[in-house]
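Only one structure is covered here, and it is reproduced in the block below.
We did not get these values from a lab; they are worked out from the coordinates using the rules stated. If you're wondering where the values come from, they're calculated on a predicted model, not measured in any experiment. With ideal geometry, Cβ positions are generated from the backbone for all residues, glycine too; neighbour counts draw on all protein chains shown.
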Amino acid sequence: MRLVTYSEGGPPLLGALDGAEVVRLTGEGVPADMLGLIRGGEAALASARQALARGERRPLAAVRLLAPVPRPGKILGVGRNYGAHAAEGGLAAQEKPRIFVKLSTSVIGTGAPIPKPRSVAKLDYETELAVVIGKRARGVAERHALAHVAGYTILNDVSARELQFDVSPPQTSFAKSMDGFCPMGPCLATPDEVADAAAIKLRGWVNGELVQDGSTADLIFPVPVLIAYLSSYLTLEPGDVIATGTPAGVGAFRKPPRYLAPGDSVRMEISGIGVLENRVETES
């Protein structure tokens, strides 16, 4: 299923995408929200599948999609996790994952504006496959890691590069955690919707120009490795998000650099998940 959190003008609702329609998921055994559904495991998913056949339908254009998990407990990012991205920055592959955090208050959904603070000049984009944890994970072995995945979504790791690169010490988490700096969506695709998370295409456009075109086959640390590594140090809980890194083509490393400006449209696509699209606006 391609699960969504959406609004019709009121409180958030739980639904699923079916073509050009959103189906509201309600009924016996179906939790009220995405986090409840994730925590409910296979039993809740089975109830949701039954509700998909009988739920109320709305045209997708008539609703507002929110981030699938509007307020994750943790958002853990992985820096320089694609070979080509490390190379474009003139850096060697790392021996262990480089971890930072994005605060949950930075999360927005597809279609919502990315606010550009007036003091930020080097606003950048990063197309990423994000993993949403489905079951508590602590000390998980790589061979069991994927059993802890609820699904996948698209994440734009928006970054203020001057705070990440131009100051000492670097302010990586701060540079990536400002309001609206974590667009996610359009849906949470359950693992059966994603043919092979180890070899999936990611593409990103700015104002219609293709700027990123990569594959998770280039990941230095694939999803099972990341889950095993992170869970060896901390507990991953249902609804937590792992942003797995970005392929080559980010604005900071283009020649000349290409940073986002108000009015720019950023579109990201991952097969099996869909399209995440946001426009940049000057912060009011």
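Net charge within 12 Å of N81 by Cβ-Cβ distance, Lys/Arg positive one each and Asp/Glu negative one each, not counting N81 itself?
Net local charge, N81 excluded: -1.
Residue by residue, what Karplus-based ³J(HN,Hα) values in Hz, rounded to whole numbers, does the range 36-48 have, using 6.51, -1.76 and 1.60 with θ = phi - 60° and x for Gly and Pro?
Rounded to whole hertz, the list is x, 5, 4, 5, x, x, 4, 5, 5, 5, 4, 5, 5.
With a Förster radius of 41 Å, plug the Cβ-Cβ distance of K135 and F174 into 1/(1 + (r/R0)^6) and report the FRET value to the nearest 0.05.
Efficiency, rounded to the nearest 0.05: 0.85.
Over the chain, what is the mean sequence separation of C-alpha contacts under 8 Å (at least six apart), divided by residue count, expressed as relative contact order in percent?
24
May I ask you to evaluate 6.51 cos²θ - 1.76 cosθ + 1.60, the Karplus curve with θ = phi - 60°, for each residue of the range 185-190 and list the ³J(HN,Hα) values in order in whole Hz, giving x for glycine and proline?
Each residue's phi maps through the Karplus curve to give x, x, 8, 9, 8, 5 Hz.
Using a Förster distance of 41 Å, how high is the FRET efficiency between E56 and T282, based on the Cβ-Cβ distance and rounded to 0.05?
In this case the efficiency is close to 0.60.
Can you work out ³J(HN,Hα) from phi for every residue in the range 194-203, in order, using Karplus 6.51 cos²θ - 1.76 cosθ + 1.60 and θ = phi - 60°, giving whole Hz and x for Gly and Pro?
Ordered by residue, 3J(HN,Hα) equals 9, 4, 7, 5, 7, 8, 10, 7, 10, 9 Hz.
Starting from 0.36 nm per residue, how many nanometres of slack lie between V101 and S7 once their C-alpha separation is accounted for?
31.1 nm
Rounded to the nearest 500 deg cm²/dmol, what is the calculated helix-only ellipticity per residue at 222 nm for the chain, with -39500 (n - 2.57) per DSSP H run of length n ≥ 4?
Helix contribution divided over all residues of the chain: -4500 deg cm²/dmol.
Roughly what percent of Cα-Cα pairs across the range 75-282 reach past 27 Å?
Working: 4972 of 21528 pairs.
Distances greater than 27 Å cover 23 percent of the Cα pairs.
Å³ per residue of the Cα convex hull, for the range 205-284?
161
Between their Cα atoms, which of K102/K135; K102/K255; K96/K255; K96/K116 are more than 25 Å away from each other?
In this structure, K102/K255; K96/K255; K96/K116 exceed 25 Å between Cα atoms.
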